[in-house]
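The values are calculated or read from the model by the stated rules, or taken from the named source; none is laboratory data. Every value quoted in this text rests on a predicted model; they were computed, and no experiment measured them. Note that we place each Cβ from the backbone using ideal geometry, even for glycine, and neighbour counts take in every protein chain shown. Areas reflect the complete protein model, heavy atoms only, side chains present, ligands, DNA and RNA absent. Shrake-Rupley method; radii C 1.70, N 1.55, O 1.52, S 1.80 Å.
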Amino acid sequence: MSNYKEIEKKWQKYWEDTKVFEAKNNSSKKKYYYLVEFPYPSGAGLHVGHVRSYTALDALARKKRMMGYNVLFPMGWDAFGAPAEQYAIKNHIHPKDAVKENIKTFKSQVKSLGLSIDWSREFSTTDPEYYKWTQWQFLKFFEHGMAYKAKKNINWCPNCKMGLSNEDSSGGVCERCGHSVEQREKEQWMLRMSDYAEDLIKGLDDTNFMDRIKTAQINWIGKSEGAEVDFKVKEVDECLTVYTTRPDTLYGVTFMVVAPEHPIIDRHSDKIKNMSEIVSYREMAKNKTEFERTQVNKTKTGVCIDGLTGINPITNQEIPIYISDYVMMNYGTGAIMAVPAHDERDFEFATKYNIPIIPVIEQITGEKHDNEKKKNSIVAVLWDPKTDKYLTVNWKDLGGRLFVGGTRNEEEDALDCAKREIIEETGYLHFEYVRDTFPINHHYYAYNKKQAYEIDCTGFLFRLLDDEKTSQQLDEDEEGNFILEWKDKNEIENEVKDELHITTFRNLLHKTAYTGDGKMIHSDILNGLTNKLESIKKMTDYLEKNKLGRKKVNYKLQDWIFSRQRFWGEPIPLIYCDDCGWVPVKEEDLPVLLPDVANYEPTDTGESPLASITDWVNTTCPKCGKKAKRETDTMPNWAGSSWYFLRYMDAHNDKEFVSQDALKYWGKLDFYNGGMEHATRHLLYARFWNQFLYNIGLVPNKEPIDTRVSHGMILGSGGVKMSKSLGNVVNPDDMIELYGADALRCYEMFIGDYEKEVAWSEQGLNGCKRFIDRVVRVGEKVNNQTNYSKSLEKLIHKTIKKVTEDYDQMKFNTVVSSLMILLNEMEKQQEITKDDYRVFLTLFNPIAPHITEEENEKYHLGEAICKSTWPEYDSTKIIDDQKEIAVQVNGKVRATITINVDDSEDEIKAKAYEAENVQNHIKNKEIVKTIVIKGKIVNIVVK
RNA sequence: GCGGGUAUGGCGGAAUUGGCAGACGCGCUAGACUUAGGAUCUAGUGGGGCAACCCUUGCAGGUUCAACUCCUGUUACCCGCACCA
């Protein structure tokens, strides 16, 4: 621990005093806006993961400023929400004070890193001056009919005593405490986010998000195209409407399923004969947690509704209606048409409840030919349970290994045909039927008959009962041409090559729904079609024409549940009046402040703690002046973070949320860094919020963010997540104390690919400390001269180029390694010039700002680096006049030769042939060709 | 199950985008200077072989004069979503 600490303090003070990092709102320079997601100031303090992204963006911001930009790089605090509240409850202090305390420690930690943040724009989402505008914007949503109150079955965490959004309770457990989540019915404020589903997908085209973030968002929004189909219900005058993406399978519908909560049940409970059974099923489903209910692989349950019968609108067939919890009320219409032959879930359900399964799509194998003859056929697989082997028919050169197969004529039943063929071909007499397959549509060309065939083939599996045999009855062309062999499953997988036979075998062993494409059968108007999209379109058109259904797009994205029954959030600025209903608080009365109270702990009733503060709740109606009550719910902590990036543009404006001038000047957030865990939720909320503001004319851009990047996590030294319980959490304060802020910053940039997760290594950090020590030591070689040393000139220009490009591509690890290479060269020199050192320090400054400024000052190399400009390279000085290149013989390096830049191809060839080791490899051999890639490589191909 | 990603020495990772695989750092080995070294400096360091050479980018194929890089298949791990009809 040298004087690093004093150096760091000195320069941090200098930056603060000179205000060099304060962004100007009225600058003629080009603007650039960098932002790292603002931290949640938790009691745990700063994590080394924060250091990684903060340093990275700080480096970019510092470089951009030196390149002449007016850079906005602000920081603030996201301090509403449950964690702060929990912390406060635990430590028996008011959340307000807890937040103040945490921000203080957090801020001093962040400051010790020496970031070039414009602290003049700092704010916290919990500042009344800030949340006034969050409330104001909520009222805009309300005014435009985008906020509504609805009774919702919400996810309720009994431990945190709080309602959770779907996003906060994914997997059926509370994100915060891990407790499993229950269902509770509650009146909730909702924002109509699902209205924006399409725009949120389309808007991605106007962003430069990484592809994986775009796809994550698209998947989250979950667009699906299909149709709604109206099924008449026989007993009542009502249609049961379902949503399906596969209207083409309508002829295969054999039952329907509605969600347990489906209102049709309540509407017609008088018609339902087994109502008590249904009620108890509903009870059971309700008591299940969302987690249990959505467990995949659990066996399906359900009850047939006795008294309501569906009618397939296209076949007029009567089909049963079930209730089952595998259908969700909150997606589609809460009711489905079930096609067990082509949907795995429906298949499972139908198998369990013995519901008929009608295939309407035939799997296609083989290749189509012209002039095909049609045949019906079977493939029969005989299984011997004693040996667990299957009987194969080995045709050797005449067709390879197959199973028993045969053609059946029109009158013959497929099962009879299969039995007959087994007896005739194999002689086995005693076996029993196990199962059959859906038919396969197979195409092949028979060379012996010079004829192409299209066959519909059903597969059968039989169990062998005993070994008793009769003599085979073979046709002439079969006699003596095959042998029978028992083979196990693996041998069959390897040896049966015929597509029809192997597919049939697989389908027999594992019978399930066929979800692939194929040829339509049993489907009247669709019969024979093989193109899925065409079938879907034809059926949808038919439905629309006959008023039986309509095209429909669905999204998984739901409306945003915007209420929390908690104390520590922005109060929702609405007042309920018995006469006027929900009335917004007048703009001049904003913000609605959180009252100062002693008790802010959550209640068992699920009511916000605010509800018990009567003199806060009781107020007058802003419209009619009568007695009225305030809304006691607060906003989720995603609210404040949905627009904070706009506020930095004009952080202390008390007239507007941001001035239009500031919005116009700063425009989009150019470069936004944050964790992958926010790829869907925060980013979607923020985009939705901003698109709404755009639509009502309050912001100039529909998409608020241009580029989005994500840093990889920093793991503990074993490659496992850092956690308190494992005791492998690294505290940045300790690292700064031991190695200095610059070394810590340098190490975190050098540690690896910025986007990938990496394991922490304190030895690696120590290596960076050594590097910085060497940077300081090499300063002792500085002489009185300017300009670059002749011996270093080329490398310096190359390094400027490489480092400049690598910063721009966020390849910080190779920035550091390039600088290490340059330093290694400098150390080899007797002395170095002022400019040599100065350019090195400038290139290193974005990563190690303190020590580079100090060294620059110590040797009087020029003005402070933060005020100077980024170095440029001279491309003419980068070109090597001589170069070592490899010579390969047959692709293997045999020698290296030195070439001049202006050597002709022939000269290079000559040099290559001359090289000693090349001679050894080409003598007595014929040179087929010689490839010369100028300045790169020579490859001599010999025979 | 669906979607996305990753795989290179003992370790973290480079590779001009198809052109000498292993830059740079850590660690390790030997030596120097030292009362001392967890400081610093010098040399070495993918594996095999005395050597010429051979092998090597998860695995198996393919394209090419040339593949970590492109194509096909496959395995393992990580992340997100998940009965979404």
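Output the peptides A:95-102, A:835-842 sorted from most to least packed, where packing is the average of other Cβ atoms within 10 Å over each peptide's residues. Mind dumping the intermediate values first?
Details: A:95-102: 19.0, A:835-842: 23.1.
Ranking the peptides A:95-102, A:835-842 by packing returns A:835-842, A:95-102.
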If each DSSP helix of 4+ residues adds -39,500 (n - 2.57) and the sum is divided by the residues in chain A, what number results at 222 nm, nearest 500 deg cm²/dmol? -10000 deg cm²/dmol
For the pair A:Ile93/A:Glu793, report the inter-label distance in nm, with labels modelled 7 Å from Cα in the Cβ direction. 6.2
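Skip the ligands, DNA and RNA, and give the accessible area per residue of the range A:635-773 with a 1.4 Å probe, whole Å².
Here the residues of the range A:635-773 average 36 Å² of exposed surface.
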Using amide H atoms built in the peptide plane, which far-off residues or other-chain residues are under 5 Å from A:Leu715 H to H? A:Val758, A:Ala759, A:Trp760
Kindly express, to the nearest 10 degrees and within the range 0 to 90, the angle between helix A:741-750's C-alpha long axis and the longest C-alpha principal axis of chain A. 30
Would you kindly work out the equivalent ellipsoid of the range A:875-943 from its C-alpha gyration tensor and give its semi-axes, the square roots of five times the eigenvalues, largest first in whole Å? 24, 10, 10
Under 13 Å from a point placed 7 Å out from the Cα of A:Ser725 along the Cα-to-Cβ direction: which residues of the range A:68-92 have their backbone N that close? none
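Regarding the range A:192-330, what's the average projected area of the Cα-atom convex hull, expressed in nm²?
Values: hull surface 43.9 nm².
Quarter of the Cα hull surface area: 11.0 nm².
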Which angle between 0 and 90 degrees, to the nearest 10, do you get for helix A:532-545 versus the longest principal axis of chain A when only C-alpha atoms count? 80
Which listed residue (A:Leu250, A:Ala150, A:Ala759) has the Cα farthest towards the positive end of the charge dipole for chain A, taking +1 on Lys and Arg C-beta and -1 on Asp and Glu C-beta about the Cα centre? A:Ala759
Just to confirm, what accessible area per residue do you get for the range A:249-290 at 1.4 Å probe, in whole Å²? 44
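When the chain is fully extended, how far beyond the present Cα-Cα distance does A:His430 get from A:Ile483, taking 0.36 nm per residue of separation? Present the calculation step by step, with values, prior to reporting the outcome.
Working: separation 53, 0.36 × 53 = 19.08 nm, distance 1.99 nm.
The A:His430-A:Ile483 span can extend by a further 17.1 nm.
Given the convex hull of the Cα atoms of the range A:102-145, what is a quarter of its surface area in nm²? Walk me through the numbers before you get to the answer.
Values: hull surface 17.0 nm².
Spelled out: convex hull of the Cα atoms, projected over all directions, averaged, 4.2 nm².
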Please work out how much length the chain gains when fully extended from A:Tyr913 to A:Gln451, using 0.36 nm per residue of separation minus the C-alpha to C-alpha distance, in nm with one decimal. 160.2 nm
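Sort A:564-573, A:719-728, A:273-282 for me by packing, meaning the mean count of neighbouring Cβ atoms within 10 Å per residue, highest on top. Don't skip to the answer; put the middle values down first.
Working: A:564-573: 26.2, A:719-728: 11.1, A:273-282: 14.7.
In decreasing order of mean packing, A:564-573, A:719-728, A:273-282 become A:564-573, A:273-282, A:719-728.
Give me the accessible area per residue for the range A:375-505, probe 1.4 Å, as a whole number in Å². List each step's numbers first, then the result.
Details: 6640 Å² over 131 residues.
So the range A:375-505 comes to 51 Å² accessible per residue, rounded to a whole number.
Can you give the convex hull volume per residue for the Cα atoms of the range A:422-516, as a whole number of Å³? The partial results should precede the final answer.
Details: hull volume 12.4 nm³, N = 95.
Considering the Cα atoms of the range A:422-516, their hull volume per residue is 130 Å³.
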With only alpha-carbon atoms counted, please give the Rg and Dmax of chain A, in Å. 37.1, 109
Could you point to the residue in A:Ala912, A:Tyr14, A:Pro263 farthest towards the positive end of chain A's charge dipole, with +1 and -1 charges on the Cβ of Lys/Arg and Asp/Glu respectively? A:Tyr14
Just grab the label-to-label distance for A:Glu677 and A:Leu474, each label 7 Å out from Cα along the Cβ direction, in nm (one decimal). 7.0
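Roll a 1.4 angstrom probe over the protein heavy atoms and tell me the percent of accessible area of the range A:48-126 that is carbon or sulfur.
Values: 1260 of 2290 Å².
Ligands and nucleic acids excluded, carbon and sulfur reach 55 percent.
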Mind checking the log10 I(q)/I(0) for the range A:655-698 at q = 0.21 Å⁻¹? Debye, one equal scatterer per Cα, no solvent, two decimals. -0.86
Protection proxy (average C-beta count within 10 Å per residue), highest first, orders A:8-20, A:342-354 as A:342-354, A:8-20
Residues A:Asp733 and A:Glu16, FRET efficiency given R0 of 22 Å [Cβ-Cβ distance, rounded to 0.05]: 0.65
Between helix A:762-778 and chain A, what is the angle of the helix's C-alpha long axis to the longest principal axis, kept within 0 to 90° and rounded to the nearest 10? 30
Relative contact order (percent, whole number), chain A, Cα cutoff 8 Å, 6+ residue spacing: 14
The range A:491-567 versus the range A:899-923: alpha-carbon centroid distance in Å: 64
Between the modelled labels at A:Glu827 and A:Glu926 (7 Å from Cα along Cα→Cβ) the distance in nm is 5.5
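Whenever you get a sec, compute what percent of the accessible area on the range A:439-521 sits on carbon and sulfur atoms (1.4 Å probe). Mind dumping the intermediate values first?
Numbers: 1890 of 4550 Å².
The nonpolar share, carbon plus sulfur, comes to 41 percent.
At 1.4 Å probe size, with the rest of the protein present, what percent of the exposed accessible area of the range A:798-865 is carbon and sulfur atoms?
Working: 1040 of 2350 Å².
Roughly 44 percent, rounded to a whole number.
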Whole-Å distance linking the alpha carbon centroid of the range A:321-376 with that of the range A:792-812 is 60
Leaving out ligands, DNA and RNA but keeping every protein chain, what accessible area does A:Met284 have, in Å² rounded to the nearest 10, with a 1.4 Å probe? 80
